[in-house]
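Colleague: Shown below is the structure under consideration.
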Amino acid sequence: GRNEIMSNIYDTAYELEKNLREASVFTELSAAYTAMREDQVAFELFEEFRNVQIGLQQKQMTGEAITDDDVASAQAIAERASGNEVIQSLMAKEQQLSQLMEEINAIITKPLQELYAPAQD
């Protein structure tokens with residue numbers, strides 16, 4: 001019945017989680033993250049970069065104006081971060097995982113896309 005279908009959906013989701021943990025795209029990201037944590041220069045740069053991003057997001061959420069100085073300092077730290085090989089490697093792996101997640105999302109949201117798609121004449 002209906003409960004069985006719901007149960008199958010959750011089972012499939014947990015199976016997907018398990019597969020994702022074992023996928024090279026995730027294990028390589030995990031290794032890149034560990035390498036970054038173990039590199040003091042890269043880790044401090046990463047934390048600084050993340051804090052600037054969080055600060056900008058908080059300003060956006062509260063409707064506070066983002067100044068030219070905010071933008072300039074965010075760009076400066078982003079350049080420094082992407083110039084670091086260890087962080088660059090991490091970001092590349094994050095991008096690959098993000099692409100996979102988008103593809104998975106497109107697959108699982110297909111019924112909704114079709115439901116709300118404009119009728120084709």
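The values are calculated or read from the model by the stated rules, or taken from the named source; none is laboratory data. Remember, it's a predicted structure, so these values are computed and weren't measured experimentally. Every residue, glycine as well, gets a Cβ built from its backbone with ideal geometry; the counts of neighbours run over all protein chains shown. These area figures cover heavy atoms from the full protein model, side chains too; ligands, DNA and RNA do not enter into them. Shrake-Rupley method; radii C 1.70, N 1.55, O 1.52, S 1.80 Å.
Colleague: Hey, does region 62-73 have a residue that's charged (D, E, K, R) and in contact (Cβ under 8 Å) with a residue 12 or more places away in the chain? Walk me through it before giving the result.
Modeller: Looking only at region 62-73, we keep the residues that are charged (D, E, K, R), and these are 64, 68-70.
Still in the list and also in contact (Cβ under 8 Å) with a residue 12 or more places away in the chain: 70.
The answer is yes; a qualifying residue exists.
Colleague: Can you give me the number of residues within region 41-58 that are in contact (Cβ under 8 Å) with a residue 40 or more places away in the chain and of a type in the set (Gly, Ala, Ser)? Walk me through how you get there before you give the answer.
Modeller: We begin by selecting, within region 41-58, every residue in contact (Cβ under 8 Å) with a residue 40 or more places away in the chain; these are 41-42, 45-46.
Filter once more, keeping what is of a type in the set (Gly, Ala, Ser): 42.
Residues flagged as in contact (Cβ under 8 Å) with a residue 40 or more places away in the chain and of a type in the set (Gly, Ala, Ser) within region 41-58 amount to 1.
Colleague: In region 38-52, is there at least one residue being closer than 21 Å to Gln99 by Cα and either assigned to a helix (DSSP H, G or I) or open to solvent by less than 90 Å² (accessible area, probe 1.4 Å) (or both)?
Modeller: Keep residues of region 38-52 that are closer than 21 Å to Gln99 by Cα, which gives 50.
Imposing the further condition that a residue be either assigned to a helix (DSSP H, G or I) or open to solvent by less than 90 Å² (accessible area, probe 1.4 Å) (or both) reduces the set to 50.
Yes, region 38-52 contains at least one residue that is closer than 21 Å to Gln99 by Cα and either assigned to a helix (DSSP H, G or I) or open to solvent by less than 90 Å² (accessible area, probe 1.4 Å) (or both).
Colleague: Now, a different point. May I ask you to say which residue of Tyr33, Tyr14 is under 30 Å from Thr109 (Cβ atoms), in contact with a helix residue (DSSP H, G or I) (Cβ under 9 Å, 6 or more places away or on another chain) and modelled with pLDDT of 95 or more?
Modeller: Matching residue, one of Tyr33, Tyr14: Tyr33.
Colleague: Would region 78-91 turn up any residue that is loosely packed, with under 13 Cβ neighbours inside 10 Å and among the aliphatic types (A, V, I, L, M)?
Modeller: no
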